[in-house]
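Bear in mind that the values in this text are calculations on the coordinates, not laboratory data. These numbers come from a predicted model, not from an experiment. Here the Cβ is made from the backbone with ideal geometry for all residues, glycine too, and neighbour counts use every protein chain on show.
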Amino acid sequence: MPNLFDPLSLGSLTLSNRIVMAPMTRSRATADGVVGELTATYYAQRASAGLLISEGTVPSAMGKGYVRIPGIYTPEQIAGWKLTTDAVHAAGGRIFCQIMHCGRIAHPHLLPDRAQAVAPSAVTPNVKTWTDDLGMLPLEAPRALETHEIAGVIDEYRQATVNALAAGFDGVELHAASGYLPMQFLSTSTNLRTDQYGGSVENRIRFVVEALQAMVSVAGPEKVSIKISPEMPFNDITDANPTETYTALVQAISGLGLAYLHVAQTLPQPNYHALLRPLFAGPYLAGAGLTQESATALLTNGQADAAVFGAAFIANPDLPARFADGTPLSAPDPSTFYTPGAKGYTDYLPK
Ligand SMILES: Cc1cc2nc3c(=O)[nH]c(=O)nc-3n(C[C@H](O)[C@H](O)[C@H](O)COP(=O)(O)O)c2cc1C
């Protein structure tokens, strides 16, 4: 059985270890969604991970849901990300771009011309969001996408994939977790549609499957991946039968030949790794709440091919080296997770 320090074939890449850095929003971009040298330094510091997954990066202005998050839809955004991918590659690392459309988890204050957020259905999230000028604001009712508009949103994922590859990323990850737009289509509490994108489980998974197909059409399957988080208690979203939904989804995408399936297991039960790992033909990345010990156990038990670490990578840029020699981990400071500047971002030093 493999351990965390063994290489892993993933698409056309060979990862040097099975310790993956989770996608983490850090809100260090400009108001126009452009990242620069500071972000390049942050990711390059962490390049000893087998794979880095970028923070959620929006495919369009309507996909934005938080202050100072990056995009991948303007020439300036693409050029900004190129600094990061060059720095990571120069340091011997690999990096995928996580494509995130927030859907209804967006306040009009963050959207062009104070637009209403878009979603599968007009279900208002019971969620508050931070704005730099007005502080915390409750989210407002989104509008339901018309059926004829959905192909356009899916095309944003295709174009974002083209742009991410132009920016030098090794691949892309569809963010279908954490209650954002794709998960809003998957879940019964947020998808009340009566067209071909709602109702039956086959219809609720259609948006995610079509988004992946659009991404694969321009990148090939080996550079496309997906993150899911079944039953994640975040962003006011629930599903009436999540094991059925995620079983159907993973069965539907298993044959696409994707680079990997990334599953965040956020509740103790049911064990989604045990349920979903056997249903997916390619590499399986398990994440959320892992320690070196629990991650090693997942690999040993055959429930994952690689382990994904989030907060630990914020405070320990050399996490694989610390795991290798038993150096105690530093604790991250949550008060600087989303604040501008270098503090709490690039000032955690290796051992
Ligand atoms: C500061 C922060 C920002 C995050 N932003 C994202 C994100 O942009 N996309 C995403 O899929 N998950 C995001 N997450 C969730 C992480 O990817 C990961 O699933 C979570 O932190 C659990 O793993 P951990 O216990 O190893 O930290 C974020 C987590 C943290 C701590």
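Worth a mention:
- Prolate/oblate/rounded label for segment 20-60 (Cα gyration tensor, a/c 1.5): oblate
- Choice from E244, E156, E173 with maximal GNM fluctuation in the chain (Cα, 10 Å cutoff): E244
- For q = 0.06, 0.07, 0.08, 0.14 Å⁻¹, Debye-computed log10 I/I(0) when each Cα of the chain counts as one equal scatterer: -0.19, -0.26, -0.34, -1.16
- Taking label points 7 Å from Cα along the Cα-to-Cβ direction, T194 and N126 give a separation of 2.7 nm.
- With R₀ set to 35 Å, the beta-carbon distance separating K351 from A166 gives a calculated FRET efficiency near 0.45.
- Relative intensity, log₁₀ I(q)/I(0), of segment 213-315 from a Debye sum that treats every alpha carbon as a point, q = 0.15, 0.20 Å⁻¹: -0.65, -1.09
- For segment 174-209, backbone nitrogen atoms closer than 11 Å to the point 7 Å from N241 Cα along Cα-to-C-beta are found at 200-202.
- Relative contact order computed over segment 32-142 (Cα-Cα under 8 Å; 6+ residues apart), in percent: 28 percent
- Estimated [θ] at 222 nm from DSSP helical runs (n ≥ 4, -39500 (n - 2.57)) normalised by residues in the chain, nearest 500: -9000 deg cm²/dmol
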